[in-house]
Structures are given as structure tokens and as C-alpha cells.
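Written out below as C-alpha cells is the structure these notes cover.
Each value in this text was obtained by applying a stated rule to the coordinates, not by laboratory testing. Computed from a prediction, not measured in an experiment: that's the story for all the values here.
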Amino acid sequence: MSESKNQSLRFSGSIWCNLDIALRNLDQVYGQVVEPLGLTVIEWYILRALYEQDGQHASELARAVGRAATSFTPILDKLQNKSLIERKPDPADRRAVRIYLTAKARSNREQVLASAEQIDTRIRKMFSNGDFKGFQNVIATLQSMGLD
């Protein structure tokens, strides 16, 4: 059943302020689970995106994890320094680069995906089934805001 508590919103219910606080709290939860893997949260997102589809263009990958392509290179550099990704030129477009998982990253797949399931289960337990589906709908709607 639901563990959610009837709590009031801060700052007179300001959506942005409360969402920002919630995201900061969730970031700490994610960090506690992801840090032991030797990853930052954004690196963890990138690996998960590559597990879904390896060999993405860097710009596609940046979009998939909600980052600006212009600030993405240093993050990819760190993953490459950890021997988790490799960059290869796109044979169809020599200006573009595709990002591929290394054998080391592929061997960590189960551990990374298990950590995601651990976090999702923890969050899911906070809501009733109906509330959780509504929560997912709200997240999907908010994610699509920047696409118009």
C-alpha cells in the first residue's frame, strides 16, 4: 500500500519551487545508489540510454538524457576515461560521432539496471497504483514541454 504522507507544498504551492526541491531530494536518493557503482547520476543515465540503443550519435544521446549537446563533451570524456564508452566516426556522416559501450560497460549492465530497479521500486512504494500511474503521466507531460 501507499507510504505517502499528506504533506503540504512549500512556497504557497509554487509548482517550480516544489518540483525543484523534489528533484534535489530524488537526486540524493539516486546518488546514494549510483555512487557505489563509480558513476555520477548523468553517467548512469547515459549508460542506461546506451543499453537501450548502443551506437547513438552524441547529440541524440544528449537529448535522450536531457542535456544540451554543447555541454555534453566533458561528460563523454569522463566516461571514456573510465573505459566505459568509445567514440567512433559515423561512416555515413564524417562530421558526426557515434557513442558505443565498451566491454567493461556491457559487463556492468546488470548492476546498473538492478540499481535502476531498486530506485524505481522505492519510489513506486510511496504511491498507490492509481496515484503512481498519474505520477507517471505528469512526468511524461512535463518531459514533453520543451519539445513544442
Check: in the stretch 59-148 the Lys pairs 8 or more apart or on separate chains whose Cα atoms fall under 17 Å apart number 5
In Å, the Kirkwood estimate of hydrodynamic radius for the chain over Cα pairs equals 17.3 Å
Per the helix-only model, the chain has a calculated mean residue ellipticity at 222 nm (DSSP H runs of ≥4, -39500 (n - 2.57) each, divided over all residues, rounded to the nearest 500) of -17500 deg cm²/dmol
Whole-Å distance linking the alpha carbon centroid of the stretch 89-103 with that of the stretch 107-147 is 30 Å
Mean 1/r over distinct Cα pairs of the stretch 38-118, inverted to a Kirkwood Rh in Å, yields 12.7 Å
